[in-house]
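Comments concern the structure below.
The values are calculated or read from the model by the stated rules, or taken from the named source; none is laboratory data. If you're wondering where the values come from, they're calculated on a predicted model, not measured in any experiment. All Cβ positions, even for glycine, are placed from backbone atoms using ideal geometry, and neighbour counts span all protein chains on display.
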Amino acid sequence: MASKNFSSKTKAEAVRASRGECFYDGTRLNKNNTEIDHVVNKMRPGCTNDLSNAVAACKPCNREKGTLTAYDFQANKLGVTPRCQGFTQDGYRCQRNVAEGNRKYCHDH
Ligand SMILES: [Zn+2]
Ligand SMILES: [Zn+2]
């Protein structure tokens with residue numbers, strides 16, 4: 001099986017793209033509580049080690065998410081409206097919520 005870990009470059013880019021907030025619950029991130037999570041879990045088809053699949057997350061979220069999809073984790077476990085998984089033009093994570101009926105993106109993506 002191929003390596004399923006992010007490069008240090010991708011990790012650094014994911015941290016930058018996060019604007020300092022956990023992708024899942026918005027917790028302020030610092031160097032002690034930041035982990036890089038696979039949006040599409042390693043156990044699921046479609047998992048990649050690209051930036052598109054890398055989000056900065058707080059440790060509790062990374063632990064609790066398990067094999068859930070980002071949508072199911074946010075909607076059903078955290079009880080928050082799931083975030084768009086797209087990026088802004090300047091390379092940050094889109095901070096909008098997913099559009100109605102869409103499990104991954106807002107209307108812009
Ligand atoms: Zn979190
Ligand atoms: Zn968006």
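Of all residues in the range 14-46, those being exposed (fewer than 15 other Cβ atoms within 10 Å of the Cβ) and either within 10 Å of the chain's Cα centre (by Cα) or away from ligand 2 (no atom under 16 Å from the Cβ) (or both) number 11. Taken over the range 81-96, residues that are in contact (Cβ under 8 Å) with a residue 40 or more places away in the chain, surrounded by fewer than 18 Cβ atoms within 10 Å (Cβ to Cβ) and not polar (S, T, N, Q) amount to 3.
Any residue in the range 31-51 that is modelled with pLDDT of 95 or more, in a loop (DSSP other than H, G, I, E, B) and within 19 Å of Q95 (Cα to Cα)? Among the residues of the range 31-51, at least one is modelled with pLDDT of 95 or more, in a loop (DSSP other than H, G, I, E, B) and within 19 Å of Q95 (Cα to Cα), which makes the answer yes.
Check whether at least one residue in the range 45-59 is within 16 Å of ligand 1 (Cβ to nearest atom) and at positive phi, and report yes or no. No; the residues of the range 45-59 include none that is within 16 Å of ligand 1 (Cβ to nearest atom) and at positive phi.
Mind checking which residues of the range 61-80 are in a helix (DSSP H, G or I) and free of Cβ contacts under 8 Å to residues at least 12 places away in the same chain? Listed by number, the residues that qualify are R63, D72, A75, N76.
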